[in-house]
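The values are calculated or read from the model by the stated rules, or taken from the named source; none is laboratory data. Since we're looking at a predicted model, the values are computed, not measured. Don't worry about glycine lacking a Cβ; one is built from the backbone with ideal geometry, like all the others, and counts go over all protein chains shown. These area figures cover heavy atoms from the full protein model, side chains too; ligands, DNA and RNA do not enter into them. Shrake-Rupley method; radii C 1.70, N 1.55, O 1.52, S 1.80 Å.
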Amino acid sequence: MKRILVMIAFLLMGFSLGPLPAMAGELKINGSTTVLPVTQVVAEAFMKDNPGFNFSISGGGSGRGITALIDGTTDIAQTSRWIRDSEVKMAVENGIYPVPFVIAFDSIIPVVHPDNPVDELSLEELRKIYNGEITNWSEVGGPDRRITIISRDSDSGTYVVWGDKVLKGDRMTPRAQMLASNGAIVQAVQDNRHAIGYIGLGYLTDRLKSVKVDGVQPTSTTTASGEYPVSRSLWLITNNWPSGDVLRFINYIQHPDNAHLIEEGGYVPIW
Amino acid sequence: MSFISSQKKDLFVHGVFLIVGASGIIILTLIFLFLILEGLPIFDVVSVRDFVLGKEWYPTDINPDYGILPLIAGSAGVVALSSAMAIPLGVFSAIYLAEIAHPKTRAVIKPIVELIEGLPTVVIGFFGMVVVAPLLQELFDLGTGLNMFNASIMLAFMAVPTITSISEDAIYSVPRHMKEGSMALGATHWETIARVIIPASLAGISTAVVLGIARAIGETMVVLMVAGGAAMVPESIFDPVRPMPANIAAEMGNVPFRSDHYHALFAIGLVLFVFTFLFNLLASYLSERHKQVGAATL
């Protein structure tokens, strides 16, 4: 009896998976935990269509995925950021030629409590709130209350993208409370009328209010069209132009018929 | 007839106890050495002065800053505030239990207090996050309920049972004849407690206080969950803070091995170690100074 096995190993503290026994039709994917839900959903559907095919998918962060690709220990690296120049250089030195494929878009959206009268902030206002120049809601059209600033921990990829696109190199104010996950931010903001936080598009609930940025409501439509300013692409990176199983999987994940799988994973399809 | 002479047996037992006794010290020394070896390299990057007195903690920035003053201030803040709550509560409860309460009341309350001591800290942290934080936020109309005050209440809650239980033992073991002597000289019950019993048990009470507070300094889970996690020097007791243990716990899982950030976290551990060491030194000095000589030794 053939068993379908998806292994999800969160590789922490420098441990790594040993080589798995070679089987017909197997792919190893490693990298960002942001991309992980998507590849997982798509891999399950792919296995349903191709009985006997195996996946080994692991998280650990974009950087770890790229390192694994350079070391040749993974077939595909999944990343939530663009590959760095230093990484490309290292790859080329190792005889690896990284080729990126966009598989989905994701927006990072500012959220407040539903009772908060503020509906819209400019990118500049967001920058000033997060760098500590604006400390009171009255400065951006709200009540005369101190803003409680909530952020992701500095190790998060979401934090890095927020830092690039919103803070534009400024430092985040030390007053910001650093929370460990999207879920923790959702919890903190829905319980606090004076708080502002930022989360991935997929985490928006009825108990939160998303704020328009520069007049653009963050939705999957404005994300896909590129109107919404704080968005990013999610990538799969392969060694060389893919062929064989890797090519089949890339085609599968990018195929318009499978766009619903990307939505299921919580992100915006490229179609 | 024994195969081993009693002398040899004695020597053997002596050796075993020496090894067991020394192992604690050896392990502690090794841990300390490890802390130093992993912590010191950060001082190639930043001076000791900038590390301890720097106000900016941005370890993952492109131009990182490793100033831990906000973290030290956070630790000092929660420890001072929780001590201010826990010491009077703990010591007065102990006096009540040992001197005033009916023996039956004591028999019920003391085991309960000791039971609270065994509560897992993650439970206390969760309680602080889910129950106390929204309550504080409503009650004082605050920006956030996850702050230094909340963390201090939770740490005090942890320290009180330790302080009560050990102080109570100390007060209870004050020899009966001292109390009776005081009463016989016409002192009231309160005068006896304040002038005779407490001074006589001060060494035990100091030990209890130090043990209780030592728990608060090193406590990680509670401060990680309820202190708010903002690396700022607090301006009010309702500001969020990021005490040293919480910072190490939050960041250690994700640092690249042997990076500057990694060494910086170990150096914070070193600072924490120095803090607790100084505290224990103070404790042994206090208990030495107040040691009762004569019949009332503890």
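Would you check which residues across the stretch A:153-174 are away from every other protein chain (no Cβ under 11 Å) and not in a helix (DSSP H, G or I) and list them?
A:Lys168, the sole residue that qualifies.
Which one of these is within 14 Å of chain A (Cβ to nearest Cβ) and either over 28 Å from the mean Cα position of the chain (by Cα) or modelled with pLDDT under 90 (or both): B:Gly145, B:Gly181, B:Gly204? Let's see the steps before the verdict.
Numbers: B:Gly181 fails: within 14 Å of chain A (Cβ to nearest Cβ); B:Gly204 fails: within 14 Å of chain A (Cβ to nearest Cβ).
Answer to the selection: B:Gly145.
If I filter the stretch B:214-232 for residues that are without any contact (Cβ under 8 Å) to a residue 60 or more places away in the chain, closer than 26 Å to A:Arg146 by Cα, surrounded by fewer than 23 Cβ atoms within 10 Å (Cβ to Cβ) and within 14 Å of chain A (Cβ to nearest Cβ), do I get at least one hit?
No; the residues of the stretch B:214-232 include none that is without any contact (Cβ under 8 Å) to a residue 60 or more places away in the chain, closer than 26 Å to A:Arg146 by Cα, surrounded by fewer than 23 Cβ atoms within 10 Å (Cβ to Cβ) and within 14 Å of chain A (Cβ to nearest Cβ).
Exactly one of these conditions fails for B:Ala187: (1) assigned to a helix (DSSP H, G or I); (2) away from chain A (no Cβ under 14 Å); (3) surrounded by fewer than 19 Cβ atoms within 10 Å (Cβ to Cβ). Give me its number.
Condition not satisfied by B:Ala187: (1).
Just to be sure I understand, how many residues within the stretch B:48-107 are within 12 Å of chain A (Cβ to nearest Cβ), touching a residue at least 60 places away in the same chain (Cβ under 8 Å) and of a type in the set (Gly, Ala, Ser)?
Summing the residues that are within 12 Å of chain A (Cβ to nearest Cβ), touching a residue at least 60 places away in the same chain (Cβ under 8 Å) and of a type in the set (Gly, Ala, Ser) in the stretch B:48-107 gives 2.
Condition first: surrounded by 21 or more Cβ atoms within 10 Å (Cβ to Cβ) and either in a loop (DSSP other than H, G, I, E, B) or of a type outside the set (A, V, I, L, M) (or both). Now tell me which residues in the stretch B:132-142 satisfy that.
Hits for the stretch B:132-142 are B:Gln137, B:Leu142.
The rows are residues; the columns are (1) among the basic types (Lys, Arg); (2) open to solvent by less than 30 Å² (accessible area, probe 1.4 Å); (3) over 25 Å from A:Trp241 (Cβ atoms); (4) within 14 Å of another protein chain (Cβ to nearest Cβ).
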site: A:Val102; (1), (2), (3), (4): no, no, no, no
site: A:Asp119; (1), (2), (3), (4): no, no, yes, no
site: A:Tyr130; (1), (2), (3), (4): no, yes, yes, yes
site: A:Val140; (1), (2), (3), (4): no, yes, yes, no
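If I ask for residues that are outside any helix (DSSP H, G or I), open to solvent by less than 20 Å² (accessible area, probe 1.4 Å) and in contact with a Lys or Arg (Cβ under 9 Å, 6 or more places away or on another chain), which ones from the stretch B:58-100 would you list?
Of everything in the stretch B:58-100, just one residue is outside any helix (DSSP H, G or I), open to solvent by less than 20 Å² (accessible area, probe 1.4 Å) and in contact with a Lys or Arg (Cβ under 9 Å, 6 or more places away or on another chain), namely B:Gly67.
Being open to solvent by 10 Å² or more (accessible area, probe 1.4 Å) and within 20 Å of the chain's Cα centre (by Cα) is the filter; apply it to the stretch B:233-244 and report the residue that is nearest to the other protein chains (Cβ to nearest Cβ).
Checking each candidate, the answer is B:Arg242.
Filter the stretch B:38-47 down to the residues that are touching a residue at least 12 places away in the same chain (Cβ under 8 Å) and over 16 Å from B:Phe273 (Cα atoms), then identify the one that is surrounded by the fewest Cβ atoms within 10 Å (Cβ to Cβ). Give the derivation first.
First pass over the stretch B:38-47, keeping only residues touching a residue at least 12 places away in the same chain (Cβ under 8 Å): B:38-43, B:45-46.
From what is left, the residues that are over 16 Å from B:Phe273 (Cα atoms) are B:41-43, B:45-46.
Details: B:Pro41: 16, B:Ile42: 22, B:Phe43: 15, B:Val45: 13, B:Val46: 20.
Restricting to residues being touching a residue at least 12 places away in the same chain (Cβ under 8 Å) and over 16 Å from B:Phe273 (Cα atoms), the top hit is B:Val45.
Would you confirm whether or not the stretch B:17-34 contains a residue that is open to solvent by less than 50 Å² (accessible area, probe 1.4 Å), in contact with a helix residue (DSSP H, G or I) (Cβ under 6 Å, 6 or more places away or on another chain) and among the aliphatic types (A, V, I, L, M)?
No, there is no match, as no residue in the stretch B:17-34 is open to solvent by less than 50 Å² (accessible area, probe 1.4 Å), in contact with a helix residue (DSSP H, G or I) (Cβ under 6 Å, 6 or more places away or on another chain) and among the aliphatic types (A, V, I, L, M).
May I ask you to say which residue of A:Ser210, A:Ser220 is open to solvent by less than 60 Å² (accessible area, probe 1.4 Å), more than 27 Å from A:Val92 (Cα to Cα) and within 19 Å of the chain's Cα centre (by Cα)?
Working: A:Ser220 fails: open to solvent by less than 60 Å² (accessible area, probe 1.4 Å).
Checking each option against the conditions leaves just A:Ser210.
Scan the stretch B:143-152 and give yes if some residue there is open to solvent by 70 Å² or more (accessible area, probe 1.4 Å) and of a type outside the set (S, T, N, Q), otherwise no.
Scanning the stretch B:143-152 turns up no residue that is open to solvent by 70 Å² or more (accessible area, probe 1.4 Å) and of a type outside the set (S, T, N, Q).
Hey, can you tell me all the residues within the stretch B:101-116 that are assigned to a helix (DSSP H, G or I) and surrounded by fewer than 18 Cβ atoms within 10 Å (Cβ to Cβ)?
The answer is B:Pro103, B:Lys104, B:Thr105, B:Arg106, B:Ala107, B:Val108, B:Ile109, B:Pro111, B:Ile112, B:Glu114, B:Leu115, B:Ile116.
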